[in-house]
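To keep things clear, I will list the structure first and then write my remarks on it.
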Amino acid sequence: MKVPRLPYPFIVISILELFTLFAYIIPFVEKNNLYIWDMVGHYYLADYYKTTLWPRFVGWNPHFFGGFPQGQFYPPLFHWLVGGIGQLTGTFWAFKLLTVIGLLLPPFAFLYFVRKLGFNDKESALAVLFMFLPMIYGFHGGGFESTFNIGLVTQGFSISILFFYLGAFISSLRNKRFISSSIFFVLLALSHFYSTFAGIVAAFVILSTFSFTQTQFAKDYFITSFKHACLSLALLSFWLIPFIVNLPFISSSYISGELQPISSVTFFLLLISIIVIAKNQDNRAFLALVIALVFLLLYVLESVLTKYLPIQLYRFSLYPSIFISVPVGILAVYLTGKTISKYFGPFIEKIKISINEEKIYPYLSVFFVGLTLFLLFSVRIFNVANPVGTFDMKLNLPLEFDFSSGRVLTNPIQSDTGGLNPMYHIASHQVAWNGAEEVGGLFVESTPNAGYIQHIKREIDPRAASWGIPTSYITENKDVLLPYHAKYLGISYILTNIDPTYFESIFGRLYYWYIDTNSVFGIYRLIHIADNNVFEVLDYQPVKVNGDWRDEQFGWFFDDQRISKLITPDDVPSVVGSKNVTVTVLRKEPERIELFINSMSLVPIHIKIPYYSNWNAYVNGVKTQIYKVPVNMMLVYGSGVVELRYEPTVSDYLGMF
């Protein structure tokens, strides 16, 4: 009976997909509640797109940091797609669907890339297999462990787009058609920053290698690449231009000292790649190796990069191992051919069977199946990815909670014996899902206030988790400062597992509710510390300062002699309010707020929402100036009806144009 002839890549990819399905996807779909670490934050953003923002890419989210422009400083494609699909399926299942697609696509993307490099069937099959192994080995970044155990779903989702882009870029250099590569680049840029950086580096290496090895076409390669870059930037401008214009409003995000050491697997693959180049002098192997070496250079420069650049270097751990794996396909086929000729050639010749693809196909098919299964289950030993996720934690605020009376600061503390508290992200997002405004949040790069907010958490308890941005040292006057910090950020409640007696020593007599969370890290209470409103009339004139605004804010934040009054870099009107002037909230929506100020004359109104270029203020229908006050908040002078609107800016219109 004639054996059906299936392409070798089809055999390998089928096994990889079945392995992924049973080892990861089925447990993930059946049991994961999407609450594990960063995943719950991505889940919330996707849900906010579904319920509020979609089909817009960028909009104001009031539920974290006092408010932030969602989708502006963190690539929004994954969340936006989930929000769109969620209109039909609900966010929960749409999120799982996109995550599953991100888990299944990498082998196909790897195959597309190596095929464009010129790999044949056997080379492609082995290259895809070895490129897939780092995905399950345990490298941080876009691998399965970081997707399931840390929740880095957007980076995992971007891996496939990265290799589809690189394959399309190679194709564009050869056929001078760059539309598809430009579209893939835009999708990549809207998916994840680190994969975008990887794509730019890899594309530059590809362009350079092609130009040096095929000098007669170098000019055409550079012209095509220039056109590709121009079209990509034009297509991306709707998001990129506002991003660049608004860069002063972000916090620099980095995690120092978390780049993984170079693993023995990476060293092994690196050695194989060098052997391939020495034996075969294969430009395809050389290209992939150079790309990998550029990323390995990050390890050498770790101490410099983590000190001066706002990046999380551990996110690059996966990329060099994938690129180093590309040449393995070439070497494996080379060695297999030599082995067959050396050991089996005489025997086959003796029985007069010619060595051709038809005759040897069944044996090679068995070889590919056996090698794939052996490597998968061997590497799986080192993988600790848990697709089931965390245990189900639910948090419901008390029915009598007044959402309009101030914000909530969640501050779950880990135990003295160590170990991160999984409630750290879960609690804050459950508070937001309950309709309240939470002062903290996951996407720290999206607001200039993230450092201040994380510092307040450490003021309350030094054990509070802090990552992504630098925080200042804890000052001796922290207990004096804390009431002011809570006031200026509109914090009325603190959700924590800390003993409430600490807060009583600072705020006096208070009341609290017990919150049921099934957490193993102690009893949680929602503690009412003060009545700090988000909108407040000032009975004094803010103090004008002339120094650098960031430095002035920072100094003021820690000075218990100055913090009782707001400061401003602007020339403000010489009028004050009084304690008799009240603020009534007529309308409060994410991007439109109406207040009534019961005063016949202008009074200063402290708007405890982060200052951002899209906000405009109107007093009785007439546009008025917004002044800056700490920490990165707004001050408006008005009476009667005061309205705040989140509206498109010139940069938004320019990007759309």
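Structural remarks
- Cross-chain or 6+ apart pairs with Cβ under 8 Å, region 586-599 first and in contact (Cβ under 8 Å) with a residue 24 or more places away in the chain and more than 16 Å from VAL537 (Cβ to Cβ), then of a type in the set (Phe, Trp, Tyr) and open to solvent by less than 80 Å² (accessible area, probe 1.4 Å): PRO590/TRP60; PRO590/TYR646; GLU591/TRP60; GLU591/TYR646; ARG592/TYR646
- Counting the residues of region 2-54 that are of a type in the set (Ser, Thr, Tyr), part of a loop (DSSP other than H, G, I, E, B) and surrounded by fewer than 19 Cβ atoms within 10 Å (Cβ to Cβ) gives 0.
- LEU97 surrounded by fewer than 23 Cβ atoms within 10 Å (Cβ to Cβ) and either over 26 Å from ALA203 (Cα atoms) or not aliphatic (A, V, I, L, M) (or both): yes
- Residue identified as surrounded by fewer than 24 Cβ atoms within 10 Å (Cβ to Cβ) and assigned to a helix (DSSP H, G or I) among PHE204, PHE148: PHE204
- Flag if ARG562 is in a strand (DSSP E or B) and surrounded by 13 or more Cβ atoms within 10 Å (Cβ to Cβ): no
- Test: residue in region 395-406 that is of a type in the set (S, T, N, Q), open to solvent by less than 40 Å² (accessible area, probe 1.4 Å), at pLDDT 85 or above and assigned to a loop (DSSP other than H, G, I, E, B): no
- Per the conditions (1) surrounded by 17 or more Cβ atoms within 10 Å (Cβ to Cβ); (2) under 34 Å from the mean Cα position of the chain (by Cα), the sole criterion not satisfied by GLY555 is (1).
- Residue list for region 426-453, restricted to those being open to solvent by 10 Å² or more (accessible area, probe 1.4 Å) and not small (Gly, Ala, Ser): GLN430, TRP433, ASN434, GLU437, LEU442, PHE443, GLU445, PRO448, TYR452
- Residue match in region 59-74 (condition: open to solvent by 40 Å² or more (accessible area, probe 1.4 Å) and more than 29 Å from LEU420 (Cα to Cα)): no
- First in region 182-193 and hydrophobic (A, V, I, L, M, F, W, C), second anywhere and in a loop (DSSP other than H, G, I, E, B), Cβ under 6 Å, 6 or more apart: LEU190/PRO75
- Residue, nearest to ASP38 (Cα to Cα), within region 103-119, restricted to residues that are free of Cβ contacts under 8 Å to residues at least 60 places away in the same chain and open to solvent by 10 Å² or more (accessible area, probe 1.4 Å): LEU105
- So ALA94, is it out of contact with any Phe, Trp or Tyr (no Cβ under 9 Å at 6 or more places or on another chain), farther than 30 Å from TRP615 by Cβ, of a type in the set (Gly, Ala, Ser) and assigned to a helix (DSSP H, G or I): yes
- Of the residues examined, THR213 is one that is surrounded by fewer than 16 Cβ atoms within 10 Å (Cβ to Cβ), touching a residue at least 12 places away in the same chain (Cβ under 8 Å), closer than 17 Å to ILE291 by Cβ and more than 22 Å from the chain's Cα centre (by Cα).
- Filter result for the condition that a residue is under 29 Å from PRO448 (Cβ atoms) and surrounded by fewer than 20 Cβ atoms within 10 Å (Cβ to Cβ), over SER574, SER599, SER578: SER574
- Failed condition for GLY142, given (1) out of contact with any helix residue (DSSP H, G or I) (no Cβ under 6 Å at 6 or more places or on another chain); (2) buried (at least 23 other Cβ atoms within 10 Å of the Cβ); (3) not in a helix (DSSP H, G or I): (1)
- Pair list, Cβ under 6 Å, 6 or more apart: region 224-253 residue of a type in the set (Phe, Trp, Tyr), other residue in a helix (DSSP H, G or I): PHE238/GLY655; PHE238/MET656
The values are calculated or read from the model by the stated rules, or taken from the named source; none is laboratory data. For clarity, every value in this text was computed on a predicted model and none was experimentally measured. No Cβ is skipped: glycine too gets one built from the backbone with ideal geometry, and neighbour counts run over all protein chains shown. These accessible areas exclude ligands, DNA and RNA; they are computed on the full protein's heavy atoms, side chains included. Shrake-Rupley method; radii C 1.70, N 1.55, O 1.52, S 1.80 Å.
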